[in-house]
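Report on the following structure.
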Amino acid sequence: MDFVWGGMLFLSLASGVLTGQGGVVADAMLAGAEEAVQLCINLCGAFMLWMGLMNVAEEAGMVERLSKALQPVVRRLFPASEKAAAPITLNLAANFFGMGSAATPFGLEAMAAMQEGNPTGDTATEDMCLFLCLNASAVELLPTGVLALRTSFACADPYAIVLPTFLSSLVCAGAAVLGCMLGRWWRRRIG
């Protein structure tokens, strides 16, 4: 990707210089940098608010309670990964509450636990594939990153996306589970 972005930057600068618009290109670059810094400052406040609320939810035990509620489902979905059940549920619970950065360590821990029981060593197991699909399609009650962006751009109703995001993430997670389960069934049938 570095080559792609570097190439785009070089071509933009070169075309600006060749067309006699070098000053316009330089002004646009500086304006874009200024807008990026302003956006980062705006996002910091919103992220601090949401991450603080999510930490309160975590301290109040909501994440742990959701994790315990998910344990039976997780054990059924990941039958060959009993040692990874706890980090899997914590990862899914953190994603549910919009704490993607808090979910990452649990996801890495879950993958490491599943790798320990991996008989092939260098090939992902069915449970690993399902976990990756579930993690990518994370069911999310509060999309904190998008809410922060919408708030920073003074959107008229930044929270209008909460229900559609939750419903679409449910559909995506359902499709991920269904696809992986059909794959498991098919491999067992043919093999």
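The values are calculated or read from the model by the stated rules, or taken from the named source; none is laboratory data. Given the structure is predicted, the values throughout are model-derived calculations rather than measurements. Methodologically, a virtual Cβ is constructed for each residue, glycine included, from the backbone with ideal geometry; neighbour enumeration extends over all protein chains shown. Areas reflect the complete protein model, heavy atoms only, side chains present, ligands, DNA and RNA absent. Shrake-Rupley method; radii C 1.70, N 1.55, O 1.52, S 1.80 Å.
Selection of the range 70-81 for residues being open to solvent by less than 70 Å² (accessible area, probe 1.4 Å) and among the small types (Gly, Ala, Ser) yields only Ser81.
In the range 140-191, of all residues being among the aliphatic types (A, V, I, L, M) and not in a helix (DSSP H, G or I), the one that is nearest to Ala36 (Cα to Cα) corresponds to Ala154. The set of residues in the range 55-111 being on the phi < 0 side of the Ramachandran plot and in a loop (DSSP other than H, G, I, E, B) consists of Ala60, Phe78, Pro79, Ala80, Ser81, Phe97, Met99. Answer yes or no: is there a residue in the range 45-54 that is under 24 Å from Ala136 (Cβ atoms), part of a helix (DSSP H, G or I) and either touching a Phe, Trp or Tyr at 6+ places or on another chain (Cβ under 9 Å) or open to solvent by 90 Å² or more (accessible area, probe 1.4 Å) (or both). The answer is yes, given that some residue of the range 45-54 is under 24 Å from Ala136 (Cβ atoms), part of a helix (DSSP H, G or I) and either touching a Phe, Trp or Tyr at 6+ places or on another chain (Cβ under 9 Å) or open to solvent by 90 Å² or more (accessible area, probe 1.4 Å) (or both).
Selection of first residues in the range 57-76 that are closer than 11 Å to Ala93 by Cα and of second residues that are assigned to a helix (DSSP H, G or I) and open to solvent by 40 Å² or more (accessible area, probe 1.4 Å), restricted to Cβ pairs under 7 Å at least 6 apart or on distinct chains, gives the following pairs, ordered by first then second residue: Leu66/Phe96. Of all residues in the range 131-158, none that is open to solvent by less than 20 Å² (accessible area, probe 1.4 Å) and of a type in the set (D, E, K, R) has its Cβ atom under 6 Å from the Cβ atom of a residue that is assigned to a helix (DSSP H, G or I) and modelled with pLDDT under 85, 6 or more apart or on another chain.
Taken over the range 82-130, the criterion of being touching a Gly at 6+ places or on another chain (Cβ under 8 Å), within 23 Å of Ala69 (Cβ to Cβ) and either open to solvent by 40 Å² or more (accessible area, probe 1.4 Å) or not aliphatic (A, V, I, L, M) (or both) is satisfied by Lys83, Pro87, Asn91, Gly98, Gly100. Restricting Ala57, Ala36 to those that are closer than 30 Å to Phe96 by Cβ, open to solvent by less than 60 Å² (accessible area, probe 1.4 Å) and not acidic (Asp, Glu) reduces the list to Ala57.
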